[in-house]
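The structure under discussion appears below in the form of structure tokens.
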Amino acid sequence: MRSYLGFSILLIGLFSTSSILAANVNVGVGGTMAGGGGYYGGSTPVLMFSPAQVTINVGDTVTFINNGGASHNVHADDDSFRCSTACRGQGSATGDPSISDWTSQVTFTHAGTFGYHCDLHNSMGMAGSIIVKAVTPTINLGGYLSGNWFMPTQGGGQGFQLEFTNANSDLL
């Protein structure tokens, strides 16, 4: 029974979809810097995204987290998303700038470079970009790939074999 567990885990790893391996990247929105006597309650607002540029893979998610300091939102230059307390299209959400604490997530489903900005502070340089790379498979199931695995700790040496051919790429 134990040898089947190892085999099952390997097969799950080989045939899993990229969504299982998807990553999440956090991007801070705004915030405050102590001192300076700014007009927002004694702290100077930070009008930037941190980090301003991120690189992710197709299927990954970016979580935008409002750090306060002023009203902010996150608006894609190509208008594919507009988020603050929620992203436009989620219920009655409009993605309008909000000073409240908010977190919004955007999952990227295709490769490309996606510029974004805060609607209220774009002219002050509050902008960023997300580079989304295409995901290539790590294991190509075909071309006469085969392998034998031996598990000496599993009751006297149990193992299994996987083999693929160019004929139909089926597990034999």
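Numbers below:
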read-out: Two-site label geometry, residue 94 and residue 63: point separation in nm, points 7 Å out along Cα→Cβ; value: 2.8 nm
read-out: In order through the range 80-88: 3J(HN,Hα) via Karplus (6.51 cos²θ - 1.76 cosθ + 1.60), integer Hz, x for Gly, Pro; value: 6, 8, 8, 10, 8, 4, 7, 8, 3
read-out: Length gained when the stretch residue 55-residue 78 is fully extended (0.36 nm per residue, less Cα-Cα span); value: 6.5 nm
read-out: Förster-model FRET efficiency, 35 Å R0, residue 161 and residue 111, C-beta, rounded to 0.05; value: 0.45
read-out: Dimensionless Rg/Rh of the range 66-111 - Kirkwood Rh, Rg from C-alpha atoms; value: 0.98
read-out: Peptide ranges 91-104, 58-71 listed from the most packed, as the mean C-beta count within 10 angstrom indicates; value: 58-71, 91-104
read-out: Potential extension, residue 123-residue 135 segment - 0.36 nm per residue separation minus Cα distance; value: 0.9 nm
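Computed from the coordinates by the stated procedures, all read-outs in this text should not be read as laboratory data. Since the structure is predicted, the reported quantities are computational estimates derived from the model, not experimental observations. Cβ coordinates were reconstructed from backbone atoms using ideal geometry, including for glycine residues, and neighbour counts include every protein chain displayed.
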